[in-house]
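The values are calculated or read from the model by the stated rules, or taken from the named source; none is laboratory data. Since this is a predicted model, take the numbers as computed values, not measurements. Positions of Cβ are generated from backbone atoms using ideal geometry, with glycine treated the same way; all protein chains shown enter the neighbour counts. Side chains are part of the model used for accessible areas, which takes the heavy atoms of the whole protein and leaves out ligands, DNA and RNA. Shrake-Rupley method; radii C 1.70, N 1.55, O 1.52, S 1.80 Å.
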Amino acid sequence: MVINICSSFTRIAAIVIRGGIYSGVVVSLLTGCTSPAQRQTVQPSVVPAELPQTSPWEITAQCAALGKCMNLGNALDAPTEGAWGVTLQESYFSHVNKLGFNSVRIPVRWSAHIDSTAPWDIDSVFFDRVTWAIEQARANGLRAIVNVHHYETLMSDLDGQRPVFLAIWRQIAERYSTYGPEVYFELCNEPNGALTPAAWNALAKETLTIVRESNPRRSVLIGPGNWNSIGSIESLELPTDSFLIATVHYYEPMQFTHQGASWIRGTASWIGTRWRGEHQDTLTVMSHFDKVTGWSERNGIPVFLGEFGALDSADTVSRILYTSFIAKQAVRRGWSYAYWKYSGNFGIHDDSTGITHDVLVDALLRPGTTFSSWMKTALADTTPADPGSDRYLLLDDFEDRLPERNALYSLGVARGVVGADASCCGWSVWYQTPSVITDGRGSRIISVQNVGNTGRKANFGQLIGNWGSTGKGLFARGLVKGDNYPSLNISTPLLGSYNKDWFDLSTLTAITFRAKGHGRMRVNFITDTILNGYPQGENWGHFGCDFGLTPEWKLYTFPVSSIQPKPWSRPQQEELPWSAAMKKVCSVEFATSQNYDRVADDTIEIYLDAIRLYGVTEEALGLKP
């Protein structure tokens with residue numbers, strides 16, 4: 001899925017010059033469709049006799065001219081136009097212009113409309129339909145990006161589809177070679193699968209050579225592999241060319257932007273995830289965007305944010321805050337940007353009712369003021385979540401020595417699972433390579449130098465000190481750096497032996513704790529994978545929720561409704577309910593939030609205190625008669 005928004009800027013960020021002229025590449029996603037009755041051959045209304053040699057084609061001006069862009073998705077990029085409920089209408093283009101947008105991105109599934117054998121001619125009726133869409137944009141004063149979208153077989157059969165892809169682009173380039181600079185090409189939306197970053201770099205270079213035969217100055221957008229992910233920008237290698245724009249897509253965190261997405265299994269469990277512009281949420285976005293800015297400045301290529309947005313299943317306050325903050329950060333960096341999309345589940349407009357969501361339009365066109373005003377609404381909603389019970393079990397407040405600290409220890413003794421000298425409920429810190437972990441005194445606890453690839457160490461005494469919210473508390477700092485899902489984990493086994501001894505916590509109504517620090521973390525309940533019916537190693541049994549740390553102490557309350565299976569895990573794919581998973585809980589863990597599509601490079605710092613399990617009582621656990 002893709003979201004594109006372009007915006008014109010009165011101030012353009014400085015771009016490093018390469019070869020005397022700016023280069024840039026952009027890849028974005030647009031979709032559009034029309035009814036068969038509307039299909040007709042349309043010739044370009046403007047045919048420049050000769051391409052100008054100077055300013056109209058200068059790439060920084062070209063990128064800026066895209067300005068605030070709107071993706072016309074789910075139309076021409078559907079298997080057939082209208083199959084996904086969207087058919088392009090003339091009114092779409094006039095409405096986008098009237099609202100104040102500067103351009104449109106038109107995603108096109110060319111691969112569904114070509115001959116099955118060489119030379120793979122594009123169906124003439126469909127070609128005319130795409131031309132109609134471009135002409136509608138031009139007639140309404142909008143710039144137009146035309147791309148290759150949803151070429152699924154290219155992603156699975158690169159060798160077999162390479163000549164077809166090149167043939168498609170030869171036809172597109174020749175068809176629109178006489179159009180002016182208001183028409184842009186985007187080579188491929190979201191390369192993935194067999195089209196690895198390295199393979200895509202090679203194919204993009206080959207394709208650009210074909211485009212340049214008939215379009216020597218056409219503005220061409222190219223994005224990185226791995227779905228045009230911001231985290232893969234460093235892998236993008238572009239040929240020397242003065243008319244390129246780099247494009248990236250942004251949908252992080254997926255649990256928020258894609259909650260309830262019907263095309264991704266298990267996302268129903270994400271419904272209710274909020275994005276309220278908290279300290280760590282905004283820092284994460286800025287950190288990701290800064291990496292792209294750094295790449296842009298080093299390579300002298302302007303940037304187009306081709307897609308972003310959140311499904312309408314998200315709450316309105318979160319959706320407006322997220323959209324306006326993303327747009328605001330793009331504006332600050334001098335990027336043009338495109339929102340995904342005009343109509344449908346991400347859309348600014350509802351075709352069935354004719355209603356335009358004005359607050360979402362404001363978030364895109366006036367992001368700074370919109371974000372500020374809606375933050376006031378979000379900040380007014382400060383009532384902590386109801387823990388759902390007046391009774392709780394204190395998991396840890398870090399004040400007493402181990403045996404007396406936690407009631408779970410007593411049950412372990414009663415069961416004969418642990419002895420008086422056992423480390424039941426002790427805390428340990430470990431990492432997934434690479435990382436360096438230090439305690440509150442700055443002492444090194446674990447590092448790649450002394451533990452190898454993965455390390456775990458029982459070091460409760462080093463983690464605990466006088467740095468709690470009122471007295472003692474837990475503290476750990478870790479450098480999380482690398483591209484193999486590096487992580488910092490702080491965990492306590494509830495009964496001593498990881499993945500063997502367990503508690504039934506199905507009565508849990510909420511977990512609360514106090515914390516502060518820097519970074520994005522996740523509180524997890526680790527379930528016994530074998531006892532829950534999964535072969536060892538297939539599940540990991542993580543159920544939890546993400547949270548952002550703030551510089552000041554904060555009470556976090558997470559009802560069970562917000563505790564969900566780990567993204568992309570087997571339980572999440574199978575939509576395993578809490579009641580089935582939480583009967584056998586072995587461990588509670590605080591871990592870095594795993595980002596599955598980017599390289600991590602951050603220092604995580606967490607202070608932790610007063611962890612309570614609401615709805616879980618000593619009686620229910622058999623500690624009292």
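Is there a residue being out of contact with any helix residue (DSSP H, G or I) (no Cβ under 8 Å at 6 or more places or on another chain), within 20 Å of G180 (Cα to Cα), outside any loop (DSSP other than H, G, I, E, B) and hydroxyl-bearing (S, T, Y) anywhere in the stretch 58-65?
The answer is yes, given that some residue of the stretch 58-65 is out of contact with any helix residue (DSSP H, G or I) (no Cβ under 8 Å at 6 or more places or on another chain), within 20 Å of G180 (Cα to Cα), outside any loop (DSSP other than H, G, I, E, B) and hydroxyl-bearing (S, T, Y).
For (1) at positive phi; (2) touching a Gly at 6+ places or on another chain (Cβ under 7 Å); (3) modelled with pLDDT under 65, each residue gets a yes or a no:
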position	(1), (2), (3)
L494	no, no, no
T527	no, yes, no
Q536	no, no, yes
T550	no, no, no
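Somewhere in the stretch 502-523, is a residue assigned to a strand (DSSP E or B), at pLDDT 65 or above, surrounded by 20 or more Cβ atoms within 10 Å (Cβ to Cβ) and polar (S, T, N, Q)?
No, the stretch 502-523 contains no residue that is assigned to a strand (DSSP E or B), at pLDDT 65 or above, surrounded by 20 or more Cβ atoms within 10 Å (Cβ to Cβ) and polar (S, T, N, Q).
For the stretch 257-279, check the following and say yes or no: at least one residue is touching a Leu at 6+ places or on another chain (Cβ under 8 Å) and aliphatic (A, V, I, L, M).
Among the residues of the stretch 257-279, at least one is touching a Leu at 6+ places or on another chain (Cβ under 8 Å) and aliphatic (A, V, I, L, M), which makes the answer yes.
Residues that are modelled with pLDDT of 95 or more, within 19 Å of the chain's Cα centre (by Cα) and surrounded by 15 or more Cβ atoms within 10 Å (Cβ to Cβ): list the helices (runs of 4 or more DSSP H) wholly contained in the stretch 315-398 that include at least 1 such residues.
It comes to 316-332, 358-365.
Looking at the stretch 94-120 only, could you name the residues that are assigned to a helix (DSSP H, G or I) and either among the small types (G, A, S) or on the phi > 0 side of the Ramachandran plot (or both)?
S94, S111, A112
State yes or no: is R366 of a type in the set (K, R) and closer than 21 Å to L72 by Cα?
Judged against the criteria, R366 is a match.
Looking at the stretch 573-582, is at least one residue outside any loop (DSSP other than H, G, I, E, B), modelled with pLDDT of 80 or more and open to solvent by 10 Å² or more (accessible area, probe 1.4 Å)?
No, the stretch 573-582 contains no residue that is outside any loop (DSSP other than H, G, I, E, B), modelled with pLDDT of 80 or more and open to solvent by 10 Å² or more (accessible area, probe 1.4 Å).
Looking only at the stretch 63-74, how many residues end up being farther than 16 Å from G141 by Cβ and open to solvent by less than 10 Å² (accessible area, probe 1.4 Å)?
Number satisfying all stated conditions: 3.
Do we find a residue being closer than 20 Å to F185 by Cβ, open to solvent by 20 Å² or more (accessible area, probe 1.4 Å) and aromatic (F, W, Y) anywhere in the stretch 97-117?
No: zero hits.
Kindly check whether there is at least one residue in the stretch 268-287 that is crowded, with 21+ Cβ neighbours inside 10 Å, in contact with a Gly (Cβ under 8 Å, 6 or more places away or on another chain) and among the hydroxyl-bearing types (S, T, Y).
Taking every residue of the stretch 268-287 in turn, none turns out to be crowded, with 21+ Cβ neighbours inside 10 Å, in contact with a Gly (Cβ under 8 Å, 6 or more places away or on another chain) and among the hydroxyl-bearing types (S, T, Y).
Run down V27, V46 and say which single residue is at pLDDT below 95, of a type in the set (A, V, I, L, M, F, W, C) and open to solvent by 10 Å² or more (accessible area, probe 1.4 Å).
From the options V27, V46, the qualifying one is V46.
Among residues belonging to the stretch 297-313 that are small (G, A, S) and surrounded by fewer than 24 Cβ atoms within 10 Å (Cβ to Cβ), point out the one that is modelled with the highest pLDDT.
G300
Here are some residues: T273, T293, T282, T247. Which one is among the β-branched types (V, I, T), outside any loop (DSSP other than H, G, I, E, B) and at pLDDT below 95?
The match here is T282.
Can you name the residue in the stretch 287-301 that is touching a residue at least 60 places away in the same chain (Cβ under 8 Å) and touching a helix residue (DSSP H, G or I) at 6+ places or on another chain (Cβ under 6 Å) and is also farthest from L244 (Cα to Cα) among such residues?
The qualifying residue farthest from L244 (Cα to Cα) is H288.
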